[in-house]
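The values are calculated or read from the model by the stated rules, or taken from the named source; none is laboratory data. Given the structure is predicted, the values throughout are model-derived calculations rather than measurements. So basically every Cβ, Gly included, is an ideal-geometry build from the backbone, and we count neighbours across all protein chains shown. Calculation scope for accessible area: heavy atoms of the full protein, side chains included, ligands and nucleic acids excluded. Shrake-Rupley method; radii C 1.70, N 1.55, O 1.52, S 1.80 Å.
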Amino acid sequence: MAAVATEKFDMVEGKRVLYLVDKSGFGGVQTIAYTLIRHLVDEQIEMDFFFLRNINDRFGMEDRCEPNVFYSRAKWRYSLRPFFEILRFVREKKVTILHLNGNKSIILGLVIKKFFHPTIKIIAHEHGGVFDYSRWYAAFLKIFSGYFDLFITISNYRKQFLVKRCLVIPSAIRVIDNFVDPARLAFASTCRSGHSARCCLGGDNPLVIGYVGGLSKIKGCDVLIRALPLLRERISNFRVLIAGDGPARMELEKLVATLGLEDIVSFLGFVDPPGKAYAQFDMMVIPSRSEEGPICLYEAWMMGLPVVASDAPVLNERIRDGETGILFQSENPSDLAEKICSVYCNPDVAAHIREGGGREAERHTVERYRSDLREVYLSV
């Protein structure tokens, strides 16, 4: 037994991981990175975190001051400076694994392995935006997939894309769901009124419909906004709070003004911690045109909020319709309004999907994620 334990310790001891992220700021990838910074994957696995571009100042966010967190000095989006910074870092720190998050990180990691450090292990973490499903990306992976030691995906939908369109062998792919970090919800747990108290017929307080996430076309907030005039015909007393920021914010604000919804729609901007936003919600809407493993879904489940979401990939994989949430037809404002109303008008339905979501949230823990990631690092 002692010999086995020593062998295992030696295997772990030699692992040094450089966790690359395309940019700082907020989003699902960034949330994962920030949580891993606080929670070691394993005491014997050394991890450093490197952001290829620092955009924290855009959102009033402070840089992380931990000794294992680094930001590129590059100011331009397409600067090659991060590449040379990473090369130097790999050499000086004797990095054995590059954990790559984002298109730029994946491309830079490939170049480093192919031309400079052929023995380094590279893991491509496929978080899966629409851009990642493009023809050029599929062609890129077809050509170079053999250089990657492992792919991590956060959905079976994404795994099938890699297998069928990129010709990645299934054994080189590991599916790991995202997680919910209770620390992000600590504020909400102490002050949330809750759906059961407010989201019901006949109450004096308005129903508060919430959204948390980025503001871009793929996130579908325009669908939510277009559903509101239809919802007004059915529910007289409600408000909508949109927490997040992004390139589509100005366009969404104009849409709200055009539809005359300024009295019921509020843009909260970036909210940190997001628990401050969830504390105000009675219901969560996820109107995305495409998703992978939305952390906001797990957070809404943990907060006991009933979820109404589009049936687009991968939400239709994550949510069991009628059990852990209610699905509406993607990009259909009329169906979204109907599904919101169905939850609001049926307390038993709302309670049922809240309970189902709560059970689902219990499976998506930080501890489970850390354990899965440790196994990945030991396997390459």
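Details
Residue by residue, here is whether (1) in a helix (DSSP H, G or I); (2) open to solvent by 20 Å² or more (accessible area, probe 1.4 Å); (3) of a type in the set (D, E, K, R); (4) modelled with pLDDT of 95 or more holds:
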| residue | (1), (2), (3), (4) |
| --- | --- |
| Ala5 | yes, yes, no, no |
| Asp10 | yes, yes, yes, no |
| Val17 | no, no, no, yes |
| Glu43 | no, yes, yes, no |
| Asp57 | yes, yes, yes, no |
| Asp63 | no, yes, yes, no |
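- Among residues of the stretch 156-175 being among the basic types (Lys, Arg) and under 19 Å from the mean Cα position of the chain (by Cα), the one that is surrounded by the fewest Cβ atoms within 10 Å (Cβ to Cβ) is Arg174.
- Options Glu299, Glu292; residue that is open to solvent by less than 10 Å² (accessible area, probe 1.4 Å), in a helix (DSSP H, G or I) and touching a residue at least 60 places away in the same chain (Cβ under 8 Å): Glu299
- Sole residue being touching a residue at least 12 places away in the same chain (Cβ under 8 Å), surrounded by fewer than 23 Cβ atoms within 10 Å (Cβ to Cβ) and among the β-branched types (Val, Ile, Thr), chosen from Val314, Val285: Val314
- Test for Arg53: is it touching a residue at least 12 places away in the same chain (Cβ under 8 Å), surrounded by 16 or more Cβ atoms within 10 Å (Cβ to Cβ) and more than 27 Å from Ser371 (Cα to Cα): yes
- With respect to (1) over 29 Å from Gly244 (Cα atoms); (2) among the polar types (S, T, N, Q); (3) surrounded by 20 or more Cβ atoms within 10 Å (Cβ to Cβ), the lone exception for Thr96 is condition (3).
- Answer residue from the stretch 116-138, given it is among the hydroxyl-bearing types (Ser, Thr, Tyr) and in a helix (DSSP H, G or I) and is surrounded by the most Cβ atoms within 10 Å (Cβ to Cβ) among those: Tyr137
- Remark: pairs (first residue in the stretch 139-155, open to solvent by 50 Å² or more (accessible area, probe 1.4 Å); second residue hydrophobic (A, V, I, L, M, F, W, C) and assigned to a helix (DSSP H, G or I); Cβ separation under 6 Å; 6+ apart in sequence or on different chains) = Phe144/Leu110; Tyr147/Leu110.
- Ser334 in contact (Cβ under 8 Å) with a residue 40 or more places away in the chain, part of a loop (DSSP other than H, G, I, E, B) and not hydrophobic (A, V, I, L, M, F, W, C): no
- Candidates Phe89, Phe84, filtered to the one that is part of a helix (DSSP H, G or I) and open to solvent by 80 Å² or more (accessible area, probe 1.4 Å): Phe84
- Checklist (1) part of a loop (DSSP other than H, G, I, E, B); (2) open to solvent by less than 10 Å² (accessible area, probe 1.4 Å); (3) at pLDDT 95 or above applied to His364, failing item: (3)
- Test result for Val180, modelled with pLDDT of 85 or more, among the hydrophobic types (A, V, I, L, M, F, W, C) and over 19 Å from Ala33 (Cβ atoms): no
- Filtered by the rule that a residue be in a helix (DSSP H, G or I) and in contact with a helix residue (DSSP H, G or I) (Cβ under 8 Å, 6 or more places away or on another chain), the stretch 257-276 gives Gly275, Lys276.
- Scanning the stretch 217-269 for residues being open to solvent by 70 Å² or more (accessible area, probe 1.4 Å), of a type outside the set (A, V, I, L, M, F, W, C) and either in contact with an Asp or Glu (Cβ under 8 Å, 6 or more places away or on another chain) or more than 24 Å from Pro313 (Cβ to Cβ) (or both) gives a total of 11.
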